[in-house]
Amino acid sequence: MQLPHNFKRIVLHLARSKEFPEGSARHGYELVVPLTQDGHIDVAAWNERRDNCRVRRFWAGEPDAVGRLVHRAGGEKGARWIFDYDRATEFDDEAGYRLSDHVFAPGEYISIRDEDDEMHTFKVMTVAEAA
């Protein structure tokens, strides 16, 4: 099935940190999400096609985790974006920090709080049409 043209495949790599001074292409995420013309998550399109909004977490030395992008009540502006890997539990969820405010464009930075409640910063590497 062909996705609408506003659905993008976004690749995030771990940005520079104490543990990875040069960042790491072996640690990151691949997202399939709808974006507005200015690069923000398109909430209306997500609402219509939420089952097509996917996330894959790749982390060196661990199996890939595949899940979905979920918009949940709570957070700073009344809602927050979550990466949900198992619908039956919440312990594995990861939260994006103010993802509604971020522009998804190459060179931009995104923060994600992992399942261990640690915040990591990622660099947007690519944004391309989702196939």
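Apart from one condition, A130 fits all of (1) surrounded by 12 or more Cβ atoms within 10 Å (Cβ to Cβ); (2) on the phi < 0 side of the Ramachandran plot; (3) touching an Asp or Glu at 6+ places or on another chain (Cβ under 8 Å); the exception is (3). In region 23-55, what residues are hydrophobic (A, V, I, L, M, F, W, C), surrounded by fewer than 17 Cβ atoms within 10 Å (Cβ to Cβ) and outside any strand (DSSP E or B)? Residues satisfying the conditions are V43, A44.
Just one of the listed residues (F20, F58) is part of a loop (DSSP other than H, G, I, E, B) and without any contact (Cβ under 8 Å) to a residue 60 or more places away in the chain, namely F20.
Note on region 10-58: residues that are aliphatic (A, V, I, L, M) and touching a helix residue (DSSP H, G or I) at 6+ places or on another chain (Cβ under 8 Å) amount to 2.
Laboratory data are not the source of any read-out in this text; all were calculated from the coordinates shown. What you see is a predicted model; the values in this text were computed from it and never measured. Quick reminder, even Gly has a Cβ in these numbers, built from the backbone with ideal geometry, and neighbours come from all protein chains shown.
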